[in-house]
Amino acid sequence: GPSTGESNDFEAELHQMVVAHMSDPGFGVNELAASLRMERTGLYRRMVDGLEITPSAYLREARLRRAAELLREGNTVAEVAYAVGYESVSSFSRGFRERFGDPPGQYARSRA
């Protein structure tokens, strides 16, 4: 129906904002909502209803997927951690392992 185009626009804008601010460790759910000119609660509702994912989970997933790409391209774990907005390599490594099952260094080697 007519809502599809609107939700695609929203998704595209959402994706664009996350990509644009990905390397900023301070860019969280509040900043995402503000960049989309929305209230935090409105953003939460819209994402859970429309995309079936919370804003914080979306941010984490986007960052970790990008990290996986960067690792496959041969970047070091530290470079990747900072590129996707983690302030510490250890918290990045922990999050990455939880998501992909391998620590980032091993993931990169197994997919090189």
Can you spot a residue in the range 25-32 that is within 21 Å of Phe10 (Cβ to Cβ) and exposed (fewer than 14 other Cβ atoms within 10 Å of the Cβ)?
yes
Would you confirm, using the coordinates I've provided, whether Ala83 is free of Cβ contacts under 8 Å to residues at least 60 places away in the same chain and either of a type in the set (Gly, Ala, Ser) or open to solvent by less than 40 Å² (accessible area, probe 1.4 Å) (or both)?
no
Residues in the range 59-112 that are in a helix (DSSP H, G or I) and in contact with a Lys or Arg (Cβ under 6 Å, 6 or more places away or on another chain): how many?
3
Quick one: is Val48 of a type in the set (A, V, I, L, M) and surrounded by fewer than 17 Cβ atoms within 10 Å (Cβ to Cβ)?
yes
Unique residue being surrounded by 13 or more Cβ atoms within 10 Å (Cβ to Cβ), within 17 Å of Ser93 (Cα to Cα), in contact with a Pro (Cβ under 7 Å, 6 or more places away or on another chain) and of a type outside the set (Val, Ile, Thr) when the list is Leu71, Leu43:
Leu71
Here is a check on your reading of the model: is Leu36 modelled with pLDDT of 95 or more and closer than 17 Å to Leu64 by Cβ?
no
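The values are calculated or read from the model by the stated rules, or taken from the named source; none is laboratory data. As the structure is a prediction and not an experimental result, all values here were calculated from the model. Here Cβ is always computed from backbone atoms with ideal geometry, including for glycine, and neighbour counts include all displayed protein chains. Heads up: the accessible areas ignore ligands, DNA and RNA and are worked out on the full protein's heavy atoms, side chains in. Shrake-Rupley method; radii C 1.70, N 1.55, O 1.52, S 1.80 Å.
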